[in-house]
Amino acid sequence: MHNFVFHNPTKILFGQGTVEAIGPETRAWGRRALLVYGRSSLKRHGLYQRILASLQAAGLEVAEHGDVRANPVLTHARQGIDKARAWQAEVIVAAGGGSVIDTAKAIAAGVSVEHDVWKFFTGKKSLKAALPVTTVLTLAGSGSEMNSGMVLTNEGTGEKFGFGHRLLHPKTSILDPQATCTVPPDQTAFGAIDAISHLLEFYLTAADPDTPVQDRLMEGLIENSMVACDRCLRDPLDYHGRANLMWTTCLALNGLTAAGLGRVGFPMHLIEHSLSALYDVPHGAGMAVVVLGWLRAQQTVLAQRIAGLGRRLFGLDEPDPQLVAARTIARFAQWLASVNAPLTLGDLGIPAADIPRIADNTRGLARVWRLADSTPERVAAILRHCLARPDADNGNLPGEWRHYP
Ligand code: NZQ
Ligand code: ZN
């Protein structure tokens with residue numbers, strides 16, 4: 001196990017009826033708040049009124065920056081920065097999923113600097129200060145509620161970049177599983193897939209081969225993401241299913257699983273960010289396709305590691321790691337199909353002829369994220385693995401694949 005520092009300062013209030021705590025939790029950080037939210041779901045499901053009432057009851061003065069879109073964009077974050085300045089906001093409140101929280105973080109980071117906020121994303125400027133952010137999470141998946149990351153798309157350049165800094169940890173995040181009961185089936189599945197992709201990035205790229213604590217943690221979180229997602233799809237109002245999904249996806253990217261792994265990469269996210277920047281596909285949908293293609297591309301090289309996961313997760317017990325790796329990927333594909341996730345670039349409506357363009361668009365982020373191995377040529381090769389239907393992988397799929405204890 002490598003040396004590590006694990007310091008996650010975000011306070012989590014988890015459980016039924018916690019939404020109303022957003023007022024007092026935010027008041028601890030200031031009196032003038034900018035409330036950031038998305039397009040329509042918050043008002044449609046009554047959360048907006050509850051959150052506003054709680055903020056006002058706690059003595060906060062509130063201005064608003066709504067209409068954050070999925071795959072949030074730089075120009076809209078810039079408008080939020082202007083609003084926060086004009087309002088002299090002291091604290092930013094995010095009420096939504098990853099897109100809303102990431103926009104709130106960008107506003108918090110951009111408000112006190114002269115330069116454009118995008119310079120943080122390209123590594124041209126370093127972050128020295130940020131306004132405090134509090135959140136009410138309404139969609140389980142991104143992990144933004146308890147981590148230091150933010151992701152924006154620059155519509156001008158067609159680049160979707162992520163940036164992380166310890167100052168961007170939310171101060172408090174409210175995780176009320178009931179707030180996620182209205183998330184539609186596709187977004188529920190995309191959130192679970194996103195969390196699985198975060199875990200797989202670490203699991204499969206860790207520099208340190210001897211990390212059994214983290215391995216068991218990640219395998220358990222992957223399994224629970226699938227089980228909890230299935231529960232939520234069967235019954236969207238299943239409180240405990242929603243609760244398990246919410247906590248699992250949060251733990252998947254809050255620093256805990258990566259602690260001790262040494263250097264890890266995000267090579268699958270590198271490719272997906274190019275897809276969602278160019279085609280505006282939901283992040284989790286893009287991840288489903290890219291993870292499958294990446295696993296297939298790495299199947300031989302990472303056979304031992306992928307097989308280890310398949311043995312734990314699916315109870316596969318054949319001795320040959322190459323065979324077990326192939327079956328692990330096939331079973332994962334089968335689960336993705338069962339939750340109606342896209343499996344190929346074609347499912348996302350992206351033609352094979354676009355592969356060079358998608359690969360070329362990963363150059364900038366590969367440089368910023370120091371992914372020297374992810375050359376456009378290698379990325380294109382992985383994308384070609386994203387073209388075939390998964391049932392071509394393995395002609396011997398068992399009908400019943402689940403291995404839940
Ligand atoms: O805009 P509204 O009307 O609110 O609808 C949203 C949106 O259309 C809807 N929604 C959210 N909560 C709902 C709901 N609908 C019904 N009931 C509710 N309670 O869901 C749609 C998707 O929302 P979004 O916030 O885009 O989804 P998600 O949480 O999956 O976030 C995705 C974004 O997070 C980034 C992704 O790249 C993507 O831009 N990520 C951020 C990370 C981070 N900060 O650490 C890491 C991730 O890898 C990821 O890259
Ligand atoms: Zn992700």
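Only protein heavy atoms count here; under a 1.4 Å probe, residue 169 has an accessible surface of about 30 Å². Using alpha carbons only, the radius of gyration of the chain set against its Kirkwood radius gives Rg/Rh = 0.96. Here residue 240 sits with roughly 110 square angstrom of accessible surface, probe radius 1.4 Å.
Label sites at residue 155 and residue 213, each approximated as a point 7 angstrom past Cα along Cα to Cβ, lie 4.6 nm apart. For segment 51-61, backbone phi angles converted through the Karplus equation (6.51, -1.76, 1.60; θ = phi - 60°) give residue-by-residue couplings of 5, 4, 4, 5, 5, 5, 4, 7, x, 8, 9 Hz, Gly and Pro being listed as x.
Which whole-number percentage describes the relative contact order of the chain, with Cα contacts under 8 Å and a sequence gap of 6 or more? Mind showing how you got there, number by number?
Values: 799 pairs, mean separation 62.9, N = 405.
Contact order relative to length: 16 percent.
Can you sort 312, 370, 327 by 1.4 Å-probe accessible area, starting with the largest?
370, 312, 327
In segment 228-288, which trypsin sites (Lys or Arg not before Pro) fall in coil by DSSP and have 15 or fewer other Cβ atoms within 10 Å? Sparse-neighbourhood loop trypsin sites (Lys or Arg not before Pro): 263. Among the chymotrypsin sites (Phe, Trp or Tyr not before Pro) found in segment 1-76, those both in a DSSP coil and sparsely packed, with 16 or fewer other Cβ atoms within 10 Å of their Cβ, are 4, 6.
Not counting the cut sites, what is the longest span of the chain without GluC sites (Glu not before Pro) that DSSP labels loop and that have at most 15 other Cβ atoms within 10 Å?
On the way: sites that count: 114, 155, 400.
By the stated rule (loop sites, at most 15 other Cβ atoms within 10 Å), 156-399.
Averaging sequence separations of C-alpha pairs under 8 Å and six or more residues apart, then dividing by the length of segment 122-184, give the relative contact order as a whole percent.
Numbers: 81 pairs, mean separation 27.1, N = 63.
Once normalised by length, the contact order is 43 percent.
With a 1.4 Å probe and every protein chain left in place, work out the accessible area per residue of the chain in Å², rounded to a whole number.
Values: 16240 Å² over 405 residues.
With the other protein chains kept in place, the chain gives 40 Å² per residue.
Note on the chain: with neighbouring protein chains present and a 1.4 Å probe, carbon and sulfur make up 53 percent of its accessible heavy-atom surface.
Restricting segment 104-141 to trypsin sites (Lys or Arg not before Pro) that sit in a DSSP loop and have at most 12 other Cβ atoms within 10 Å of their own Cβ leaves 124, 128.
The values are calculated or read from the model by the stated rules, or taken from the named source; none is laboratory data. Here the structure is a predicted model, which is why all the values come from computation and not from measurement. Methodologically, a virtual Cβ is constructed for each residue, glycine included, from the backbone with ideal geometry; neighbour enumeration extends over all protein chains shown. Surface accessibility is based on the protein's heavy atoms, side chains included, excluding ligands, DNA and RNA. Shrake-Rupley method; radii C 1.70, N 1.55, O 1.52, S 1.80 Å.
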